[in-house]
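Asker: The structure's right below; bear with me while I get my questions together.
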Amino acid sequence: MASLSFDARLNHQLSKSHQQQQSLVLEEIEGLIRVYKDGRVERFPIIPSVSCTISSGVDTHARDVTIDKFTNLWARVYVPNRPGKYPLLVYFHGGGFCVGSAAWSCYHEFLANLASTASCVIVSVNYRLAPENRLPAAYEDGVNAIMWVKRQVANGSDEHKWWVSQCNLSNFFLVGDSAGANIAFNVAVQLGNVSASVSNAIKPLHLKGVILIQPFFGGEIRTGSEKMASQPPNSALTLSASDTYWRLSLPSGANRDHPWCNPLSNRINSSIPSAMVCISELDILKDRNSQLCNALANMGKAVEMVMYRGVGHAFQVLHKSQMARSRTQEMISDIKAFINQ
């Protein structure tokens, strides 16, 4: 029988190497992203990316389309497998601006389900990520994606007729979850800055509203829910992770009261249309999301605030419990009602 020997010197060398590597790390969110002092960025495949051809088990089909090959901006388009004219949703995925993809399996499953159940066409945008591309890169990609959709619609593109022909252009919404909801909000603001109204900037599309799912905002002063001790097991967003995402995504030197992070630090642009804000009861962002709803309502905007009890941040894409699944179906029903008002 062979004998096993252990060399303590080897263990010391490995430990020393690990310590040296750790000393070179600038920022890290365990299991998601590691940023080194030399500028290298390492993302971990915590969620698999899937092809658009992977069956989602629902009555939709999906294809990937190129928006801008120079910035590698692309989208995954979901269309119900039945004739008709449907609301058009441009969707931005979450991930703290630093991780995530339109190809992640959790988004593929959720958005295929949403397109089928809520009867809508969805253009899910794969935008550039920080820290390689700090804000406003994601907002620029969002605006470019909207303008690309506008061109396909206006030009009657044969290449994109398979989805454009099924869009109700007067029923257009910007949608996103977490950082994606922040992008949807700020893209609406930027479009309003381009023209006297968002509608003028994007004709023949007519923006009816924004749907903000657990929108990722922050601020230097902590809210009650940000300070709360109790978090669901394996919470998708902790306070320390939130702070790290902001350090990696905001312009260098900016703090969390920058208007892109804290829209309440400045006067909110009046071009924001009606809004639906989806809030999770156990989310650290709960209070901040409620404050945004109040601010919009005080501006005279139509705001529909929906609270999902017993669930945390990103439950609709990351959590597989029976309660999370039930709340996800509630959310899809609520979105369906909002886009068909």
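Asker: So the check is Cβ under 7 Å with 6+ separation or different chains; which pairs have a first residue in the range 95-111 that's more than 18 Å from Pro136 (Cα to Cα) and a second one that's open to solvent by 10 Å² or more (accessible area, probe 1.4 Å) and at pLDDT below 95?
Answerer: Close Cβ pairs satisfying both conditions: Cys106/Leu318; His108/Ile54; His108/Ser56; Glu109/Ser56.
Asker: So for the range 7-27 (the condition being touching a helix residue (DSSP H, G or I) at 6+ places or on another chain (Cβ under 7 Å), over 30 Å from Glu159 (Cβ atoms) and at pLDDT 95 or above), does at least one residue qualify?
Answerer: Within the range 7-27, one or more residues are touching a helix residue (DSSP H, G or I) at 6+ places or on another chain (Cβ under 7 Å), over 30 Å from Glu159 (Cβ atoms) and at pLDDT 95 or above.
Asker: Do any strands (runs of 3 or more DSSP E) entirely within the range 32-119 hold 2 or more residues that are surrounded by fewer than 18 Cβ atoms within 10 Å (Cβ to Cβ), and if so, which?
Answerer: Values: elements: 33-36, 41-43, 60-68, 73-80, 86-92.
It comes to 41-43, 60-68.
Asker: Inspect all residues belonging to the range 155-168 and state whether any of them is surrounded by fewer than 22 Cβ atoms within 10 Å (Cβ to Cβ) and assigned to a strand (DSSP E or B).
Answerer: Yes.
Asker: Before we move on, is Asn269 within 23 Å of Ile221 (Cα to Cα), of a type outside the set (D, E, K, R) and open to solvent by less than 50 Å² (accessible area, probe 1.4 Å)? Quick ask: steps written out before the conclusion?
Answerer: Values: within 23 Å of Ile221 (Cα to Cα): yes; of a type outside the set (D, E, K, R): yes; open to solvent by less than 50 Å² (accessible area, probe 1.4 Å): yes.
Against the criterion (within 23 Å of Ile221 (Cα to Cα), of a type outside the set (D, E, K, R) and open to solvent by less than 50 Å² (accessible area, probe 1.4 Å)), Asn269 qualifies.
Asker: If I filter the range 305-317 down to residues being touching a Gly at 6+ places or on another chain (Cβ under 9 Å) and not β-branched (Val, Ile, Thr), which single residue comes out as surrounded by the most Cβ atoms within 10 Å (Cβ to Cβ)?
Answerer: Here the answer is His313.
Asker: Which one of these is open to solvent by less than 60 Å² (accessible area, probe 1.4 Å), at pLDDT 95 or above, within 22 Å of the chain's Cα centre (by Cα) and within 26 Å of Ser249 (Cα to Cα): Ala184, Ala188, Ala236?
Answerer: Within the list Ala184, Ala188, Ala236, the selection yields Ala184.
The values are calculated or read from the model by the stated rules, or taken from the named source; none is laboratory data. Computed from a predicted structure; not experimentally measured. Cβ sites come from the backbone with ideal geometry, for glycine too, and all protein chains shown count toward neighbours. Accessible surface is based on the protein model in full, side chains and every heavy atom, while ligands, DNA and RNA are left aside. Shrake-Rupley method; radii C 1.70, N 1.55, O 1.52, S 1.80 Å.
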